[in-house]
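The values are calculated or read from the model by the stated rules, or taken from the named source; none is laboratory data. For clarity, every value in this text was computed on a predicted model and none was experimentally measured. With ideal geometry, Cβ positions are generated from the backbone for all residues, glycine too; neighbour counts draw on all protein chains shown.
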Amino acid sequence: MKMKLLFSVPSGYHIRELVLPLRRHIEANNDITEAHIVAPAAKISSQVFPEFGTKFMFHENPKDDAGHRELFARIAPDRVITNTIGHDALDEPILRIAKQMNIPTITFIASWDNVWKIERLMKNNIPIAIPDHFIVWNSMMKEHLLRIIPEISEANIVIIGAPRMDYFAQKDRIASKQEVYTAFGLEDVSRSLIHIATTELYPMGYIGRTIQRSIARGDIPDNPYIYASVHPGGVLKKHHELVDSGAVVRFSPGRKDTIPLVSFRYAPTEKDIFFLLGVFMHASVLINHSSTVALESMIADVPVISVTYGMRFDWWGWYRSMVYRDFKQHYADLLSDEATYIAASPTDLIKNINAAIAHPDEKRSNRAMTVQKMITTTDGTASEKVLKYIVSL
């Protein structure tokens, strides 16, 4: 049976989540004749989707319901796939109109925290569209969906995993330690690398200062390097305090300021992905608040420290921050197996850094347990399974 697929890609972030890891499987599948991508970046597809072959066709998002109907009638897709049900507003009419036209709809929920976002949309009465089928990473996401949208049939929510984590299984393509260190201007590969993963949700300069002072005092031995990653959708200058603390501060790979469309300035290629995985693989320890990078570091079998305290004298700001909220919501699933070190104070932070560097195997079994729980498919086949499910409906 020949088939046409249509994917909604409302921002560059969504390239990484599904269409990029599915790309090579779609191109190899002779039953899929066309793969249509609806994206605001359709006119600059050669910049944003440089690795996508001739099977892929690009369309700008229609401006109204009539435009969506015309587009779907012209393409006649057999499946419509989104990554959200409306927390990116461009997905809502795509799902709604496809359902009106009796086209099967599937939402692959892009990240492990996104069901919480769906719940917040529903509480705020923001329009969403419920697809015919959901694909999720893990059982917690499925259970949460069933709680907040009880009209969904349990059989229509399938647990498969996270296609973007499949790249970890392609070990021969991951950047080497020498390549990572050279890219960051770090000369001595024998020195440890402390990776601080920043967010835009709460400043992390206070963490960098604590680490820098501890290294200077000799409380952290062997003079490790400090690298701070900035989310590709973030603002580099917000993290100047980390530069002042001696850290190498860089956007995570995939940021492309030459792309004129702001929402697609994060447009990772596979080369970007494999360099990023090299950063995860070759760091000695990851320090973060409540980011998904903690899970990626666990897949790389690198110790993780979760910092659960804020800046000194900033109780009000810390308890009102989204970071603090995350610890009470989705991030609790990642902490429940004791797979990370918990730093509730500067003293804890330094003690945990030393323990992680000196004994990297200490929490290995806990990390493996959490990875299995969170992404389900750990052998690099999640993308194949997702595509097989989409085609089989």
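What's the number of the condition Lys351 fails, among (1) closer than 30 Å to Tyr225 by Cα; (2) basic (Lys, Arg); (3) in contact (Cβ under 8 Å) with a residue 60 or more places away in the chain?
Unmet for Lys351, out of (1) closer than 30 Å to Tyr225 by Cα; (2) basic (Lys, Arg); (3) in contact (Cβ under 8 Å) with a residue 60 or more places away in the chain: (3).
Which residue is farthest from Asn354 (Cα to Cα), if the candidates are limited to region 324-342 and must be touching a residue at least 40 places away in the same chain (Cβ under 8 Å) and among the hydrophobic types (A, V, I, L, M, F, W, C)?
Step by step, filter region 324-342, then rank; the result is Leu334.
Could you tell me which of the residues Glu187, Glu179, Glu200, Glu154 is surrounded by fewer than 16 Cβ atoms within 10 Å (Cβ to Cβ) and within 17 Å of the chain's Cα centre (by Cα)? Break it down stepwise before answering.
Working: Glu187 fails: within 17 Å of the chain's Cα centre (by Cα); Glu179 fails: within 17 Å of the chain's Cα centre (by Cα); Glu154 fails: within 17 Å of the chain's Cα centre (by Cα).
Going through Glu187, Glu179, Glu200, Glu154 in turn, just one is surrounded by fewer than 16 Cβ atoms within 10 Å (Cβ to Cβ) and within 17 Å of the chain's Cα centre (by Cα): Glu200.
Of the numbered conditions (1) surrounded by 23 or more Cβ atoms within 10 Å (Cβ to Cβ); (2) outside any strand (DSSP E or B); (3) of a type in the set (Val, Ile, Thr); (4) touching a helix residue (DSSP H, G or I) at 6+ places or on another chain (Cβ under 7 Å), Val80 fails exactly one; give the number of that condition.
(2) is the only condition that Val80 fails.
Specify the residue that is surrounded by the fewest Cβ atoms within 10 Å (Cβ to Cβ); the eligible residues are those in region 38-75 that are in contact with a helix residue (DSSP H, G or I) (Cβ under 9 Å, 6 or more places away or on another chain) and acidic (Asp, Glu).
By that ranking, first place goes to Asp64.
(1) crowded, with 18+ Cβ neighbours inside 10 Å; (2) in a strand (DSSP E or B): which one isn't true of Phe280, the others all being true?
Every listed condition holds for Phe280 apart from (2).
Contact list please: Cβ distance under 7 Å, first residue in region 207-221 and free of Cβ contacts under 8 Å to residues at least 60 places away in the same chain, second residue buried (at least 21 other Cβ atoms within 10 Å of the Cβ) and assigned to a loop (DSSP other than H, G, I, E, B), pairs at least six apart or on different chains.
Hits for this filter: Gly208/Ser245; Gly208/Ala247; Arg209/Ser245; Gln212/Ser245.
Does any residue of region 260-272 turn out to be farther than 26 Å from Val19 by Cα and modelled with pLDDT of 95 or more?
Pass one, region 260-272, residues farther than 26 Å from Val19 by Cα: none.
Within region 260-272, none of the residues are farther than 26 Å from Val19 by Cα and modelled with pLDDT of 95 or more.
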